[in-house]
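The structure's right below; bear with me while I get my questions together.
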Amino acid sequence: MKSKECRKCHDEKPLTEFAVNANGLGGRVSWCKPCMADNIRCLRITRREADAYPLNAVCAICGGVNKNGKHLSLDHDHATGKFRGWLCSHCNSGLGWFKDNASIMAKAIEYLNRN
């Protein structure tokens, strides 16, 4: 039986532990089903939080909107799962690349200002 490593928990698991995704590597998603379920639970936001940040709002960082009619991304604190706001795909990816680490982001700002 074939197996795959989960990119979240890094455990090697049978392919049946990964949901089917025609666009994914090997036709499967990269996170195992338990990790996906945990992530979905973390992303649940309250109605009050969602109402405070309407989906048609602009990006909380750059003020832009996603191109091609795509919705803004739901941004959340990865440690707590708490909803932070809506971001365009570029800003959301940027935070991800900096691992939500403010000190690394500050160093990047210093670098940009220096050069």
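The values are calculated or read from the model by the stated rules, or taken from the named source; none is laboratory data. None of these values were measured; they are calculated from a predicted model. Glycine gets a Cβ as well: all are built from the backbone with ideal geometry, and neighbour counts include every protein chain shown.
Report the residue count in segment 74-84 for those that are surrounded by 14 or more Cβ atoms within 10 Å (Cβ to Cβ) and at pLDDT 75 or above.
At the first step, the residues of segment 74-84 found to be surrounded by 14 or more Cβ atoms within 10 Å (Cβ to Cβ) are 74-76, 81, 83-84.
The next check asks that each one be at pLDDT 75 or above; those that pass are 74-76, 83-84.
The total comes to 5.
Another question about this same structure. Restricting to segment 85-112, count the residues that are exposed (fewer than 14 other Cβ atoms within 10 Å of the Cβ), within 12 Å of the chain's Cα centre (by Cα) and of a type in the set (S, T, N, Q).
1
If you don't mind, another one. What are the residue pairs meeting all of these: first residue in segment 90-115, first residue assigned by TED's automatic domain parsing to the domain that holds LEU72 and at positive phi, second residue surrounded by 10 or more Cβ atoms within 10 Å (Cβ to Cβ) and modelled with pLDDT under 90, Cβ atoms under 9 Å, and 6 or more apart or on different chains?
Between residues of segment 90-115 that are assigned by TED's automatic domain parsing to the domain that holds LEU72 and at positive phi and residues that are surrounded by 10 or more Cβ atoms within 10 Å (Cβ to Cβ) and modelled with pLDDT under 90, the close pairs are LYS99/HIS78; ASP100/ASP77; ASP100/HIS78.
Quick one: count up the residues across segment 1-34 that are part of a loop (DSSP other than H, G, I, E, B) and of a type in the set (Gly, Ala, Ser). Quick ask: steps written out before the conclusion?
First, the residues of segment 1-34 that are part of a loop (DSSP other than H, G, I, E, B): 1-2, 6-11, 18-19, 21-24, 29-32.
Applying the additional criterion that residues be of a type in the set (Gly, Ala, Ser) yields 19, 22, 24, 30.
Residues meeting the conditions: 4.
Taking the criterion of being of a type in the set (A, V, I, L, M, F, W, C) and in a helix (DSSP H, G or I), would at least one residue in segment 71-89 satisfy it? If you could, list the steps in order and put the result at the bottom.
First, the residues of segment 71-89 that are of a type in the set (A, V, I, L, M, F, W, C): 72, 74, 79, 83, 86-88.
Those still in the list that are in a helix (DSSP H, G or I) too: none.
For segment 71-89, residues of a type in the set (A, V, I, L, M, F, W, C) and in a helix (DSSP H, G or I): absent.
Additional query: When you look at ASN66, is it surrounded by 12 or more Cβ atoms within 10 Å (Cβ to Cβ), at pLDDT 70 or above and not β-branched (Val, Ile, Thr), yes or no?
On the way: surrounded by 12 or more Cβ atoms within 10 Å (Cβ to Cβ): yes; at pLDDT 70 or above: no; not β-branched (Val, Ile, Thr): yes.
It is false that ASN66 is surrounded by 12 or more Cβ atoms within 10 Å (Cβ to Cβ), at pLDDT 70 or above and not β-branched (Val, Ile, Thr).
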